[in-house]
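A short write-up of the structure that comes next.
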Amino acid sequence: MNKECLYVLLVMVLFSNCKKENFVIDNGEWADAPNRVSTIAFGSCAEEYEQQPILQMVADRNPDLFIYLGDNVYGDTEDMQVLENKYAELSQKEEFKNLALNSYILSTWDDHDYGENDAGKYYPQKEASKEVFLDFFREPKSSERRMREGIYDARIFNGDDNKKVQIILLDTRTFRDDLIRNDGMSGCKNIYCPNPSPDSTLLGEAQWTWLESQLQEDADIRIIASSIQFSHQYNGRESWTTMPREQEKFIGLLQTHQVNAVFFISGDLHLGEISKMEVDGAYPLYDITSSGITKNRIGYDEQNSRRIGNLEEANNYGWIEIDWDANPIQVTGSIININGDVSNMIVLDTDEISF
Ligand SMILES: [Fe+2]
């Protein structure tokens with residue numbers, strides 16, 4: 001064997017030895033996917049080193065699904081060992097184990113568990129952090145989600161009488177172009193300005209194409225799980241309102257395909273609220289924001305002219321109940337705070353959110 005071949009062989013052996021094992025945590029049994037879904041809880045923004053009584057409150061109510069909407073841990077690192085350690089810390093909490101045992105978990109990420117505050121497509125460890133995320137949430141090895149770029153996903157669950165609810169989990173990080181920072185430009189607030197460019201993307205081309213086909217799947221209710229808010233009033237923080245063209249594009253898809261019974265759930269805000277966006281040529285888009293599991297902002301009067309009902313400043317979770325027997329199907333969405341109080345609630349008839 002010549003020297004060159006020996007070198008190539010050595011590199012191959014080194015690489016195969018160094019190939020990272022999957023990140024596996026043995027923290028007990030997790031619930032399987034349910035055969036029927038009528039109760040769905042959701043939440044976001046949880047510091048892994050803090051106690052998380054909100055998770056125990058959810059576990060005690062035994063919902064069919066729990067949806068993690070991002071900032072599920074505060075990774076904020078390019079070191080994957082640090083990220084794994086933070087997920088491991090979450091996984092060993094009794095309240096997390098109880099939740100995972102009682103409710104089937106679906107998840108998407110936001111900036112902090114992706115890896116960096118307000119990060120988009122240029123975060124250098126996005127592929128490695130995706131593997132950690134999917135390994136932690138026990139995504140099967142053969143899953144399609146592992147084959148494509150990003151972590152977006154969609155699932156359809158049965159209700160009663162062949163009716164179905166679709167959950168669409170968006171990835172608002174992997175493909176997102178840079179935001180426009182507010183350098184004191186007119187019409188801007190806080191950190192970011194609305195980006196008017198048709199070339200800037202939030203979801204990216206592949207995810208948009210996938211989303212368009214998902215919106216044509218057979219379902220009676222569709223819940224869009226977006227880490228960042230969609231329907232609220234622009235406030236200069238990270239949300240769909242910093243990419244208004246992308247908001248319009250989403251609405252355009254609903255109009256083109258006459259997609260009914262869509263509403264959003266979101267996190268990220270460190271507050272809980274429900275927003276209602278009136279849409280010309282379509283139905284109102286509701287967005288139930290629950291944040292956070294440990295994060296909160298007390299005494300901060302966040303402006304939102306599209307808010308309906310109360311602003312929840314304490315730790316909270318979101319709760320959805322689907323009444324499959326009602327005609328039309330009825331969805332009740334609420335925000336429950338750390339004291340167990342229902343601080344905000346909406347009841348949606350699916351004909352109110354249809355063309
Ligand atoms: Fe966030």
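Residues in region 107-163 that are at positive phi, at pLDDT 95 or above and among the acidic types (Asp, Glu): Asp118 alone.
Of all the listed residues (Gln247, Gln229), the sole one being closer than 17 Å to Thr172 by Cβ and either without any contact (Cβ under 8 Å) to a residue 24 or more places away in the chain or of a type in the set (Gly, Ala, Ser) (or both) is Gln247.
Selection of first residues in region 126-143 that are over 16 Å from Tyr104 (Cα atoms) and of second residues that are surrounded by fewer than 18 Cβ atoms within 10 Å (Cβ to Cβ) and modelled with pLDDT under 95, restricted to Cβ pairs under 9 Å at least 6 apart or on distinct chains, gives the following pairs, ordered by first then second residue: Ala128/Lys20; Glu131/Lys20; Glu131/Asn22; Glu131/Phe23; Val132/Phe23; Lys141/Asn22. Looking only at region 174-189, residues that are touching a residue at least 12 places away in the same chain (Cβ under 8 Å) and not aromatic (Phe, Trp, Tyr) come to 10 in all. The criterion of at least 3 residues that are β-branched (Val, Ile, Thr) and away from the ligand (no atom under 16 Å from the Cβ) is met by the following strands (runs of 3 or more DSSP E) wholly inside region 259-355: 330-337, 342-349. Only one of the numbered conditions (1) farther than 26 Å from Gly333 by Cβ; (2) touching a residue at least 40 places away in the same chain (Cβ under 8 Å) is not met by Tyr234, and that is (1). The set of residues in region 43-60 being in contact with a Lys or Arg (Cβ under 7 Å, 6 or more places away or on another chain) and more than 16 Å from the ligand (Cβ to nearest atom) consists of Gln52 alone. Among the residues of region 223-245, those identified as away from the ligand (no atom under 15 Å from the Cβ) and within 13 Å of Asp153 (Cα to Cα) are Ile223, Ile224.
Of all residues in region 121-143, those satisfying the criterion of being in a helix (DSSP H, G or I), away from the ligand (no atom under 16 Å from the Cβ) and not acidic (Asp, Glu) are Ala128, Lys130, Val132, Leu134, Phe136. Just to be sure before I move on: is Gly299 of a type in the set (Gly, Ala, Ser) and more than 21 Å from the chain's Cα centre (by Cα) in the structure I sent? Yes, satisfied. Please verify whether Asp71 is farther than 20 Å from Ser266 by Cβ and at pLDDT 95 or above, treating the condition exactly as stated. For Asp71, the condition - farther than 20 Å from Ser266 by Cβ and at pLDDT 95 or above - is not met. Only one of the numbered conditions (1) free of Cβ contacts under 8 Å to residues at least 40 places away in the same chain; (2) surrounded by fewer than 21 Cβ atoms within 10 Å (Cβ to Cβ) is not met by Asp118, and that is (1). Selection of region 174-197 for residues being in contact with a helix residue (DSSP H, G or I) (Cβ under 8 Å, 6 or more places away or on another chain) and surrounded by 14 or more Cβ atoms within 10 Å (Cβ to Cβ) yields Thr174, Phe175, Leu179, Ile180, Tyr192, Cys193, Pro194, Asn195. Would you check if there is a residue in region 246-253 being surrounded by 19 or more Cβ atoms within 10 Å (Cβ to Cβ), aromatic (Phe, Trp, Tyr) and either assigned to a loop (DSSP other than H, G, I, E, B) or within 16 Å of the ligand (Cβ to nearest atom) (or both)? No; the residues of region 246-253 include none that is surrounded by 19 or more Cβ atoms within 10 Å (Cβ to Cβ), aromatic (Phe, Trp, Tyr) and either assigned to a loop (DSSP other than H, G, I, E, B) or within 16 Å of the ligand (Cβ to nearest atom) (or both). Screening region 198-222 for residues that are of a type in the set (D, E, K, R) and out of contact with any Leu (no Cβ under 6 Å at 6 or more places or on another chain) and picking the one that is surrounded by the most Cβ atoms within 10 Å (Cβ to Cβ) gives Arg222. When restricted to residues that are farther than 12 Å from Gln52 by Cα and surrounded by 19 or more Cβ atoms within 10 Å (Cβ to Cβ), region 88-101 contains 1.
Those helices (runs of 4 or more DSSP H) of region 64-120 in which at least 2 residues are within 16 Å of the ligand (Cβ to nearest atom), considering only elements entirely within it, cover 80-91, 111-114. Among the residues of region 150-173, the ones that are in a loop (DSSP other than H, G, I, E, B), surrounded by 15 or more Cβ atoms within 10 Å (Cβ to Cβ) and without any contact (Cβ under 8 Å) to a residue 60 or more places away in the chain come to 3 in all. Of all the residues in region 323-344, those that are within 17 Å of Val58 (Cα to Cα) and in contact with a Gly (Cβ under 8 Å, 6 or more places away or on another chain) number 7.
The values are calculated or read from the model by the stated rules, or taken from the named source; none is laboratory data. Here the structure is a predicted model, which is why all the values come from computation and not from measurement. A quick note on method: Cβ atoms are made from the backbone with ideal geometry, for glycine too, and the neighbour counts reach across all protein chains shown.
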